[in-house]
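Structure record follows, encoded as structure tokens.
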Amino acid sequence: MEAVRLVILGRQGSGKGTQCARLVATYGPVHVSTGDMLRSAVEEGTDLGRRAGALVDAGELVPDDVMIGIVAERLAKQDVVDHGFLLDGFPRTPAQADALGEIMGDAGLARAVNIDVPVDEATDRMLSRARTDDTEEAIRRRLQLYESTTEPLLAWFEEHGLLSVVDGLGTEDEVFERLRTVVEGAPA
């Protein structure tokens, strides 16, 4: 099987960290998170690492050009070249996704996997609690807030034929089996 090259997406509580650990143990890719990349670049003292470190120390956000450079440096390292990657926390915007496509070049990105609880199921669960603040309108607003922050990125991956959505409901084993189907190339 070819090296795994995935972007892992999912809201907090989706089980992303647990499933990344299982994917690493099973397939051997390097789990590359934004925080790990920044710390590594700073520790190595690269030009981009020094720029990022100064920004982080000042409490500033790391701009796209610096973050993209750090990702490019990390994905070029031999462990990633040899074993593939699970990219966690990057990209966060369509512009960053474009840059990732350029970084990957001919090797390409295999998939972006969104570990998700379907919106209808989330709505049904909230409505079944029968709390006074769980009106359909309130639920719709809360779900829209989450979707508005991720929708442009999910749309970018969808438009490029790279998005797989994996149902995050069920046991860890059930969710992992769904992920395995995606990783091993069968339709999700």
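Give, in nm to one decimal, the length gained when the segment between M1 and D120 is fully stretched (0.36 nm per residue of separation minus the Cα-Cα distance).
Difference between extended and current length: 39.3 nm.
Based on the Cβ-Cβ distance from T132 to T93, what FRET efficiency comes out when R0 is 25 Å, to the nearest 0.05?
Step by step, r from the Cβ atoms, then E = 0.10.
H83 to D57: extension gain in nm, 0.36 nm per residue of separation minus the Cα-Cα distance?
Here the answer is 6.1 nm.
Over segment 41-188, calculate the relative contact order: mean separation of alpha carbon pairs under 8 Å at least 6 apart, over the residue count, as a percent.
20 percent
Placing unit charges on C-beta atoms (Lys and Arg positive, Asp and Glu negative, everything else neutral), compute the dipole magnitude of the chain about its Cα centre in debye, rounded to 20.
340 debye
Pick from P94, P152, P63 the residue whose mean-square fluctuation is largest in a GNM of the chain, springs joining Cα atoms under 10 Å.
Among P94, P152, P63, the largest mean-square fluctuation in the Gaussian network model of the chain belongs to P63.
To the nearest 20 Debye, how big is the dipole of segment 45-88 about its Cα centre, given +1 on the beta carbon of each Lys and Arg and -1 on that of each Asp and Glu?
With Lys and Arg at +1 and Asp and Glu at -1, about 100 debye.
Could you list which residues have their amide H under 5 Å from that of H31, counting only those 5 or more apart in sequence or on another chain, with H placed in the peptide plane?
The answer is L86.
Can you list the residues, at least 5 places off or on another chain, whose amide H is less than 5 Å from the amide H of A112, using H built in the peptide plane?
V7, L163, S164
I need the phi-derived Karplus couplings for segment 127-134: 6.51 cos²θ - 1.76 cosθ + 1.60, θ = phi - 60°, integer Hz, Gly and Pro marked x.
5, 6, 6, 6, 7, 5, 8, 9
Give me P(r) over the chain, computed from all C-alpha to C-alpha distances, binned every 10 Å, as integer percentages.
Computed distribution, short to long bins: 8, 33, 34, 18, 6, 1.
Coordinate-derived values only; no laboratory data. Everything numeric in this text was worked out from a predicted model, so none of it was measured. Every residue, glycine among them, receives a Cβ derived from its backbone with ideal geometry; neighbour counts consider all protein chains shown.
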